[in-house]
Amino acid sequence: MSEHSSNFLFLVKVARDIDLAMIRGLLDEYDILYYVQNEFYSSLMPGIRIPLLNERWICVAAEELGEAREILTAYDFLPFQETPYQPSPRTKYRHLLEFVFGPWMMPGDRRTVKSLPDD
């Protein structure tokens, strides 16, 4: 069993894979217990940008939060400079097409309810 409590607190939110890799490397190097919320699901990157799906939250053990902040501040990761998402006109157009025509790509006929044969 670990000497750490199971209480984890928010440290930083990252959207890019390279930032996640760098921060994880630093936390591993200093033996800080952490976990990443949305670590794998967020890399699916659906067409429409949804912050709760596309961003990862790094949380650390409560007793190591101060040390983790100090380390990330020393390496210029805190305060984290997040660039706001600004899609290009082409991306906006693609999102619009996905929203309008996406349901048409679903298989099956959704207009009629098919009844099961009586046995």
Original post:
Which one of these does residue 53 not meet: (1) out of contact with any Ser or Thr (no Cβ under 9 Å at 6 or more places or on another chain); (2) modelled with pLDDT under 90; (3) surrounded by 11 or more Cβ atoms within 10 Å (Cβ to Cβ)?
Top reply: (1)
**OP:** Answer yes or no: is there a residue in the stretch 63-80 that is modelled with pLDDT under 65 and under 22 Å from the mean Cα position of the chain (by Cα).
**Re:** no
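Considering the stretch 66-78 alone, what residues qualify as being surrounded by fewer than 18 Cβ atoms within 10 Å (Cβ to Cβ) and not charged (D, E, K, R)? It would help to see each step written out before you state the result.
Step one: list which residues in the stretch 66-78 are surrounded by fewer than 18 Cβ atoms within 10 Å (Cβ to Cβ), which gives 66-67, 69-70, 73-76, 78.
Correct list: 66, 73, 74, 75, 78.
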Original post:
Which one is surrounded by the fewest Cβ atoms within 10 Å (Cβ to Cβ) among residues in the stretch 11-23 that are assigned to a helix (DSSP H, G or I) and either at pLDDT below 90 or of a type outside the set (Gly, Ala, Ser) (or both)?
Top reply: 18
Original post:
What residue, among those in the stretch 24-41 that are touching a helix residue (DSSP H, G or I) at 6+ places or on another chain (Cβ under 7 Å) and more than 13 Å from residue 58 (Cα to Cα), is modelled with the highest pLDDT?
Top reply: 30
Original post:
Does at least one position in the stretch 81-98 carry a residue that is modelled with pLDDT under 80 and either surrounded by 15 or more Cβ atoms within 10 Å (Cβ to Cβ) or part of a helix (DSSP H, G or I) (or both)?
Top reply: yes
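The values are calculated or read from the model by the stated rules, or taken from the named source; none is laboratory data. Predicted model, so just to flag it, every value in this text is computed and none were measured. So basically every Cβ, Gly included, is an ideal-geometry build from the backbone, and we count neighbours across all protein chains shown.
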